[in-house]
Every structure is written in C-alpha cells, then in structure tokens.
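Participant: Mind having a look at this structure? Questions to follow.
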C-alpha cells in the first residue's frame, strides 16, 4: 500500500548529522587551539552522539519504510 506521508524525519536526520559535524570540526578545533581540553572532549563526545543519532534515525526510518 502506497500513501503520501509528509514528515519531518529527513530534516531531523540532516540536523543531527550537520550539528554533529559542526561540533566535531569547528567547535572542538577552536577549543583545542585555546587549550580548553575538557571542553574539547565534551564537544567531541556530543558531536559523535549527534552524528550517531542522525545515522541511527536514518537507518531506523529506512528499515521501517522498507519492511513495513
């Protein structure tokens, strides 16, 4: 059965992945230059968490649409 679904899941995936990459490349890099090592570590952890959530959301949504 095919139906038209309007949702925001694609935007949420893109938002999580893009904010994770921004945290990893820009935020953590600026903290490293300023020698703020605790903040750099937190920025890297949050960046990887955001990227992981975005990827798992994408995979989960793909599996949901493909199999159901």
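The values are calculated or read from the model by the stated rules, or taken from the named source; none is laboratory data. What you are looking at is a predicted structure, and each value in this text was computed from that prediction instead of being measured. Heads up, the Cβs are rebuilt from the backbone with ideal geometry, glycines too, and the neighbour counts pull from every protein chain shown.
Participant: Right, residue 66: in a helix (DSSP H, G or I), free of Cβ contacts under 8 Å to residues at least 24 places away in the same chain, under 15 Å from the mean Cα position of the chain (by Cα) and exposed (fewer than 11 other Cβ atoms within 10 Å of the Cβ) or not?
Facilitator: Criteria not met by residue 66.
Participant: In addition: Tell me whether segment 41-48 contains one or more residues that are modelled with pLDDT of 95 or more, surrounded by fewer than 14 Cβ atoms within 10 Å (Cβ to Cβ) and either in contact with a strand residue (DSSP E or B) (Cβ under 9 Å, 6 or more places away or on another chain) or at positive phi (or both).
Facilitator: Among the residues of segment 41-48, not one is modelled with pLDDT of 95 or more, surrounded by fewer than 14 Cβ atoms within 10 Å (Cβ to Cβ) and either in contact with a strand residue (DSSP E or B) (Cβ under 9 Å, 6 or more places away or on another chain) or at positive phi (or both), which makes the answer no.
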